[in-house]
Amino acid sequence: MRARYGVPLTLTAVGAAGLAYAAGFEVRSFRLRRVTVPVLPRGMRPLRVLQVSDIHMVSGQRKKQRWLQSLAGLRPDFVINTGDNLSDTEGVPETLDALGPLMEFPGAYVFGSNDYYGPKLRNPARYLIERAQGRHGLNGNAPAVGVVHNPWEELRDAFDAAGWVGLSNSRGRLKLDGIEIALTGLDDPHIKRDRYAEVAGGPESGADLSLAVVHAPYLRSLDAFTADGYPLILAGHTHGGQLCIPFYGALVTNCDIDTDRVKGLSTHTAAGHTSYLHVSAGCGTNRYTPVRFACPPEATLLTLTARD
């Protein structure tokens, strides 16, 4: 009896314990990633940038709301929101309540697919299948039909009213005590809303620093930004792989970037240029897959320093 059933029962118990940990603890174990990126002109003071991403707010997520509110205590110079704020058509008020203290700081934002459309229930194994087939989002898949439309306009209006700069296929600037930051952003490549031709041309003259912002780090966007000479690109979307294997890492990225760069700071090279790339693992999940394993939810405080 033991020889026949012992191993399956043990594996079942381990799997159940792992699921309980992923859904009951780690998904609410919020962390702050800190990185330093040498991209500023020599002699310029350091700048502290808070990046928040992939909040995927669902009504009732009080701990996530309180944690996001607490990030204002970091006193960043400015905030970058890299999209996918919603996972609930009723989640806009709570999202704005959570981000309210951060909206007191200068900031900028792009939207992701989940800001525009509600999530759909899907088998997580499909991400592995689509990766093997080279299919990601609408980049290879059939267009979504029958999707729920989120009230993203309410988010946009509130962000704009707070003075945050919308960067969906557009440019903007932030002024910080005599320092000018030029920002160039794209709408979400995951659903083919990116229009790089509308913002092409590279960093702006007269700015102390130029940054590139996009929700999903698809290679075509990273290549374009890097070839144009942007020193730093900020992105989200990947959830860091969300369900990772300890000591190995992510299995999927939900886009065409490699798993080695699924989260954190790395570099990207194109057309003889190299840019720093920071991909946030985000602090939420799709409401239908509320689990994380070996990949805690996060926000990032980037300290930008002078180049060597």
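At-a-glance table
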| item | result |
| --- | --- |
| Whole-Hz ³J(HN,Hα) from phi, Karplus 6.51 cos²θ - 1.76 cosθ + 1.60, for the stretch 70-79, glycine and proline x | 5, 5, 4, x, 6, 6, x, 5, 7, 10 |
| Around D115: net Lys/Arg minus Asp/Glu count, Cβ-Cβ under 11 Å | -4 |
| Expected 222 nm ellipticity per residue - DSSP helices of 4 or more, -39500 (n - 2.57), all of the chain, to 500 | -7000 deg cm²/dmol |
| Placed amide H near V37: partners under 5 Å, 5+ positions off or other chain | T303, L304, T305 |
| Computed E for S205/L265 - FRET, C-beta separation, R0 22 angstrom, nearest 0.05 | 0.25 |
| Where a label projected 7 Å from the Cα of A161 along Cα→Cβ would reach, residues of the stretch 85-117 with amide N under 12 Å | 93, 96-97 |
| Long-range tail of P(r) for the chain (Cα pairs > 26 Å, %) | 43 percent |
| Highest-first arrangement of 45-52, 260-267, 104-111, where packing means the average Cβ count within 10 Å | 104-111, 45-52, 260-267 |
| Where labels lie 7 Å past Cα in the beta-carbon direction, separation of Q133 and K192 in nm | 1.6 nm |
| Summed side-chain charge close to E180 - residues other than E180 whose Cβ falls under 13 Å, Lys, Arg +1, Asp, Glu -1 | -1 |
| Kirkwood hydrodynamic radius over Cα pairs of the stretch 248-292, then Stokes diffusion coefficient at 10 °C and 1.306 mPa s, in µm²/s | 129 µm²/s |
| Antiparallel content of DSSP bridges confined to the stretch 32-306, in %, to 5 | 40 percent |
| Assigned charges on the beta-carbon of Lys, Arg, Asp, Glu; the chain dipole about Cα centre (debye) | 1200 debye |
| Accessible-area ranking of Y117, Y196, largest first, probe 1.4 Å | Y117, Y196 |
| 28 Å Cα cut-off, lysine pairs counted over the stretch 32-306 (separation 8 or more, or different chains) | 7 |
| Range of Cα positions in the stretch 88-127 per principal axis (Å), largest first | 40, 20, 15 |
| Sequence of T305, T89, T82 when ordered by accessible area, the most exposed leading, probe 1.4 angstrom | T89, T305, T82 |
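The values are calculated or read from the model by the stated rules, or taken from the named source; none is laboratory data. This structure is a prediction, so every number in the text was calculated from the model and none was measured. Here the Cβ is made from the backbone with ideal geometry for all residues, glycine too, and neighbour counts use every protein chain on show. Areas reflect the complete protein model, heavy atoms only, side chains present, ligands, DNA and RNA absent. Shrake-Rupley method; radii C 1.70, N 1.55, O 1.52, S 1.80 Å.
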